[in-house]
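J.: Mind having a look at this structure? Questions to follow.
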Amino acid sequence: MRRFLQKLLIPSVAKLADKLSSRPDKKRVNSALNKLYNNILAKPGKRGVVIPFDIANNRFIIFSDQHKGARDDMDIFAMAEDNYLTALDHYEQQNFFYINLGDSEELWENLFITVKRHNKATFESEGKFLNRNAFLKIFGNHDLYWDNDPLAAIGLKQIYGQQVKVYEGAILQTKVGNKPLNIYLTHGHQGDLQCDGNWFSKWFVSDIWAPFQAYLKININTPANNDQLKTDHNRIMYEWSAERKGILLITGHTHQPVFRSLTHLEKLYDQLARAKETSDASVVADIQQQITLRHIKGDVIPDFSAYRPTYFNSGCCCFDDGDITGIEIADGFIRLIKWEYNEQKRSERQVLDECRLDELI
C-alpha cells in the first residue's frame, strides 16, 4: 500500500506545496538582498561579517541544507551523514574555513533538544573548525531559531562548547588581478513567501507534510529534481547578481546546485552549442545523448541565450541517495563538488565543475 501511495501522491503533493507555499517575489528578494548586503558592509558584525582573504592561500568550503533531524523516517539527512562527516574530516585536515550556509538543523519538524541528541557526531566535527576560528554559521528559514529565539545562545553553547554568533550573511573580500571581488553569501530564503512570513508554509510542513513524509518515507530532494532548470527563486537570485559588477552571489535554500549561473541541463545546452561551433561530431553526439536522457527524466528545454557567471548555489546535503554537494573556494579556483558513496560504500569527493576566479572578473 505504501508503494502505491508513494507513486500516486508524491507528484501531486509536491506540486501543491510548490504552488501554494513557494512564491518568490522579485521586488521582495531584491530589497532583502540589497538591505542585507549594505548592512554587512556598513555595520560588519551585526547581521553579517566581512572576511578579507587571499585567493592563493585561503581556502573555504561552503555547505548548506543538511536539515539534521531525529534519525527517524522524516530525517532526510540520515543517509548523507557519513558523506558529510568524511567531507568535514577532509576539509579540517586541509585547513579549510567552513561556512555553513543555513538550514543546517531541521527545526520546523523537530525540537532543538531532539536534534541535539541525535547529531552529536556532526556537531563535534563542526566544532573542530570553530576551535581554530575557521567556522561561520549562517541561519536559514528552517533553523531561523538561531536568530529569533532568546534561548538560542544557550543551545549553541551546549552543542559547540562555546559561544557562537550566527549571522544572516557574509561577504568574502579579495582582489583578483588588482580588481576587487566581493563574494556575497546568504542562505537565500529572503523575499520568498514560502519562508518569509507565509503562514501556509509553516502550517503545511508541521501538520500535513511532516506526517505524510514520515508514513511514506520520502525525500523529494532527488538529483533528478535538482538537474532541472533553475527554480523561479534561483532565477531571481541570478538576475540580482548579474546586474552588479565585482560581486558573486552564493546561496543555498533551493537544494539545486548552480555553477556559474547554470544548472546541469543548461550547461549541457551551452556545451552543445560550443561543440557544434567546432564541428566535433563525436562530442555533439555524446552531449545530445545526455540531453535526451535528461528529457526522458522530465527536464524541459531551457529558454536562455547567455548567462553572466555571477551566481552559484551550493545545492544541499540531503539528497535521497546520500550524496552531498557544496562549493569550494581554494587555490584561485571556485569548484562545485560532490561527495558520494562508491561501490564499496566509502565516501569519495568528485569535482563536478570548476573555474578560475580570474575568469569571473
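The values are calculated or read from the model by the stated rules, or taken from the named source; none is laboratory data. Keep in mind that this is a model prediction, so the values were computed, not measured. Methodologically, a virtual Cβ is constructed for each residue, glycine included, from the backbone with ideal geometry; neighbour enumeration extends over all protein chains shown.
J.: Take Lys230 and tell me if it is modelled with pLDDT under 65, within 30 Å of Leu41 (Cα to Cα) and within 23 Å of the chain's Cα centre (by Cα). Quick ask: steps written out before the conclusion?
T.: Numbers: modelled with pLDDT under 65: yes; within 30 Å of Leu41 (Cα to Cα): yes; within 23 Å of the chain's Cα centre (by Cα): yes.
For Lys230, the condition - modelled with pLDDT under 65, within 30 Å of Leu41 (Cα to Cα) and within 23 Å of the chain's Cα centre (by Cα) - is met.
J.: Same structure, new question: Being within 25 Å of the chain's Cα centre (by Cα) and surrounded by 13 or more Cβ atoms within 10 Å (Cβ to Cβ) is the filter here, so list the residues in segment 149-167 that pass it.
T.: Within segment 149-167, Asp149, Ala152, Ala153, Gly155, Leu156, Ile159, Tyr160, Val164, Val166, Tyr167 qualify.
J.: Does any residue in segment 72-89 that is in the same structural domain as Lys338 (by TED's automatic domain parsing) come within less than 7 Å, Cβ to Cβ, of a residue that is modelled with pLDDT of 95 or more and β-branched (Val, Ile, Thr) six or more places away or on a different chain, and which pairs are these?
T.: Ala80/Ile324; Glu81/Thr122; Asn83/Ile324; Tyr84/Thr122; Tyr84/Ile324; Leu85/Thr122; Ala87/Ile324
J.: Looking only at residues that are among the β-branched types (Val, Ile, Thr) and buried (at least 19 other Cβ atoms within 10 Å of the Cβ) in segment 303-361, which one is farthest from Phe63 (Cα to Cα)?
T.: That would be Thr310.
J.: Still on this structure, please answer the following. What pairs come up if the first residue lies in segment 306-325 and is closer than 13 Å to Ser64 by Cβ, the second is of a type in the set (Lys, Arg), and their beta carbons are under 6 Å apart, counting only those six or more places apart or on different chains?
T.: Listed by first residue and then by second, the contacts come to Thr325/Lys338.
J.: Considering only segment 33-150, give the helices (runs of 4 or more DSSP H) lying wholly within it that have at least 2 residues that are out of contact with any strand residue (DSSP E or B) (no Cβ under 7 Å at 6 or more places or on another chain) and more than 21 Å from Asp323 (Cα to Cα). Give the derivation first.
T.: Values: elements: 81-93, 112-118, 120-131, 145-148.
Helices (runs of 4 or more DSSP H) meeting the threshold: 112-118, 120-131, 145-148.
J.: Here is a follow-up. Can you spot a residue in segment 277-294 that is in a strand (DSSP E or B) and modelled with pLDDT of 70 or more? It would help to see each step written out before you state the result.
T.: Going residue by residue through segment 277-294, those that are in a strand (DSSP E or B) are none.
Scanning segment 277-294, I find no residue that is in a strand (DSSP E or B) and modelled with pLDDT of 70 or more, so the answer is no.
J.: Find all pairs meeting these conditions: Cβ atoms under 9 angstrom apart; at least six residues apart or on different chains; first residue within segment 118-137 and in contact (Cβ under 8 Å) with a residue 12 or more places away in the chain and under 16 Å from Asn83 (Cα atoms); second residue of a type in the set (Asp, Glu) and assigned to a helix (DSSP H, G or I).
T.: Sorted first by the residue in segment 118-137, then by its partner, the pairs are Asn119/Glu81; Ala121/Glu81; Thr122/Glu81; Ser125/Asp89; Ser125/Glu92.
J.: Kindly indicate which of Gly102, Gly127 is among the small types (Gly, Ala, Ser) and within 30 Å of Gly191 (Cβ to Cβ).
T.: That would be Gly102, the only listed residue that is among the small types (Gly, Ala, Ser) and within 30 Å of Gly191 (Cβ to Cβ).
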